[in-house]
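These notes are about the structure you will find just below.
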Amino acid sequence: MTQSTTAAHSRPGTAALTLAALGVVYGDIGTSPLYAFKEAFAGEHGMSASEPHVLAALSCLFWSIMLIVSVKYVWIVLKYDNEGEGGVLALTALAHRLAGGSTALSAAVIVAGVFAAALFYGDAVITPAISVLSAIEGLSVATPQFEHFIVPLTVGILVALFMIQRHGTGRVGVFFGPVTCVWFATLAVLGALSIIETPGVLRAIDPSYAVDFAIAHPGGAFLLLSAVFLSLTGGEALYADMGHFGARPVRLAWYGLVCPSLLINYFGQGALVLRQPEAAANPFYLLAPDWFLLPLVGLATAATVIASQATITGAYSMTLQATRMGYLPRIRVLHTSDTERGQIYVPTVNWLMLAAVIYLVLEFRSSGALAAAYGIAVSGTMIITTVLAILVTVNLRGGARIALLLALVAFGLLEMLFFGSNLTKIAQGGWMPLVLGGAIFILLTTWKRGSLLVAEQRRAIDIPMRDFLHGPAPDVPQVPGTAVYLTSDPTLVPSALFHNLKHYQVMHERTVFLHVVNEEVPRVHPGQRLQVTELAPRIYRVALHFGFREEPDVPPALAQAGAQGLQLDPMNTTYFVARSTIVDGPGAMSGWRCALYGWMTRQSEGAASYFRLPPNRVVELGTQVLL
């Protein structure tokens, strides 16, 4: 656990950050009241809406939110930052670094973190579908004739949401916090009015209602957990978005507004069902008076669109981090803001997510059907986060370590119960996030494995840099200018240099071997960005360091080389890059994975555009690799 190295950067005030966090961090969990409580009484395993069942469900829900979100995430896990950044990949990098020389443990940490990242994508495509569907379903409560328009309206809203991503959210993003603030205030008011009518519902704060129900009906309590868990979805966002706002604003927003509003609304829904058991069909919308029903549908739709926007942005950020850490090929990333570096748009991810989201809406057609698929991805990610946090805690010092370990183990056991309960819904749709997560896990690991094999093959074929520098100087003419050769392994001579000698039979008067290093920290201090080493007269090695939350812009970074004795004239510098073609051979990868890796290689963004190299100063040379 470290303090953020970016603390010195100018940030808005705490109040502004807290308001902004409402829209980004809490959009997902903030829309859970639309569907979470009603799922306890709906579906194949739903309970009857009797008073003991309502109180047991509320008691279980209340203590789950307090333990998992309020204590585990907001109080404990937010302390586990990697240079100020949160999220499962940042935690994976931190745990991997602390694993030290244990090869087996390091490998296990990486596999767990990558699988959690794969599950995150399942969550990211389900959230827009279930959130917007649950909001639009309020129309059928207002007027049953609107029932046939729910799916078309949902699809239309989602298509519009994904279409505007390329324009960025800077203009509308300023409204996210205020709209979400109004949403939480509305949740609290509707819930409080219902509680005033039936104050006896507050008895559910007593955990004995949940315990007694579990003892009397262990099977029913186990199934109930899958519905209760829907109130926790979005808890991972607290941790993942910490780097955007800092831990303090996230905590202030949760304890000051979000948590009280959510609990008041859930208890208000419970009070309504105690008065009118038939209201369990849609207790959220039935809380509202008739005159407020349509405005509430509009407000809920706005809140769910904001929640969806947060998960879409999270998928972009996750993709960028996975690329930086070597688990995805270079992917085209566009910036949608001149002032906010983190506002990005990834076209490939955007359109794939839109296709997946529309498929989910058309296939499941209701929030209740989608609820079966929702919990598995999130609960799996939560378990992995807990395990990684335990591994980090083991390496801590101090008297609090034992208490933290015991608390995290207890949370892990509880989350395993949630995960097991959600597994009972595999046939009803729970298979979807597992299949999607498994497919993405295969993509991530195939790229990592293929990249390592390519690097090994190049090490076996390419000439070591030491032999090149100490061998006889090549008897070729020199031409004016500087040649910059991009290399993934600074100990080997890039194949592009030999292709250049083969085809042009010349060398430039200055040669620079450029190695871009992706560090396991979010950002690299500017003073540690670049190191220049003179290997031989007029031959240099330059190492550029970037964090996994940074975008490698090579030319401006190279401009700093002058301070270390390497002056580069942009107009007399030529960049040489190699592009590999993958061919199936008697290698360590199976044929289908080799074909998959080759396909991913072809989809990869070229090194020239990825590293922001000037197009008119780049020479690209092709190589063939057998796997």
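The values are calculated or read from the model by the stated rules, or taken from the named source; none is laboratory data. Keep in mind that what you see is a predicted model, and the values were worked out from it rather than measured. FYI the Cβ positions are ideal-geometry reconstructions off the backbone, even for glycines, and counts take in every protein chain you see.
Things worth noting here:
- Inter-residue pairs, beta-carbon under 6 Å, first under 15 Å from Thr491 (Cα atoms) and not assigned by TED's automatic domain parsing to the domain that holds Ala322 and in the range 513-537, second outside any loop (DSSP other than H, G, I, E, B) and acidic (Asp, Glu), 6+ apart: none
- Count of residues meeting criterion [surrounded by fewer than 17 Cβ atoms within 10 Å (Cβ to Cβ) and either in the same structural domain as His96 (by TED's automatic domain parsing) or touching a Gly at 6+ places or on another chain (Cβ under 9 Å) (or both)] in the range 490-512: 2
- Test for Tyr359: is it over 30 Å from Leu272 (Cα atoms) and at pLDDT 85 or above: yes
- The listed residue being modelled with pLDDT of 90 or more, part of a helix (DSSP H, G or I), surrounded by 14 or more Cβ atoms within 10 Å (Cβ to Cβ) and in the same structural domain as His148 (by TED's automatic domain parsing), out of Ala407, Ala371: Ala407
- Residue satisfying all of: in the range 504-554; of a type in the set (Gly, Ala, Ser) and part of a strand (DSSP E or B); farthest from Tyr327 (Cα to Cα) among these: Ala536
- Condition broken by Arg275, with the remaining ones in (1) surrounded by fewer than 21 Cβ atoms within 10 Å (Cβ to Cβ); (2) at pLDDT 90 or above; (3) within 29 Å of Pro178 (Cα to Cα); (4) not hydroxyl-bearing (Ser, Thr, Tyr) satisfied: (3)
- Qualifying residues in the range 461-489 (those that are in contact with a His (Cβ under 6 Å, 6 or more places away or on another chain) and either among the small types (Gly, Ala, Ser) or modelled with pLDDT under 85 (or both)) - the one surrounded by the most Cβ atoms within 10 Å (Cβ to Cβ): Ala483
- Matching residues in the range 429-465 - criterion: being assigned to a helix (DSSP H, G or I) and acidic (Asp, Glu): Glu456
- The range 418-428, residues that are surrounded by 15 or more Cβ atoms within 10 Å (Cβ to Cβ), in contact (Cβ under 8 Å) with a residue 60 or more places away in the chain and either under 17 Å from the mean Cα position of the chain (by Cα) or part of a helix (DSSP H, G or I) (or both): Phe418, Ser421, Asn422, Gln428
- Test for Val258: is it touching a Cys at 6+ places or on another chain (Cβ under 6 Å), under 27 Å from Ile126 (Cα atoms) and in a helix (DSSP H, G or I): no
- Flag for Thr445 being out of contact with any Phe, Trp or Tyr (no Cβ under 6 Å at 6 or more places or on another chain), β-branched (Val, Ile, Thr), modelled with pLDDT under 90 and outside the structural domain of Tyr504 (by TED's automatic domain parsing): no
- Which listed residue, of Thr323, Thr313, Thr385, Thr381, is crowded, with 21+ Cβ neighbours inside 10 Å, without any contact (Cβ under 8 Å) to a residue 24 or more places away in the chain and within 16 Å of the chain's Cα centre (by Cα): Thr323
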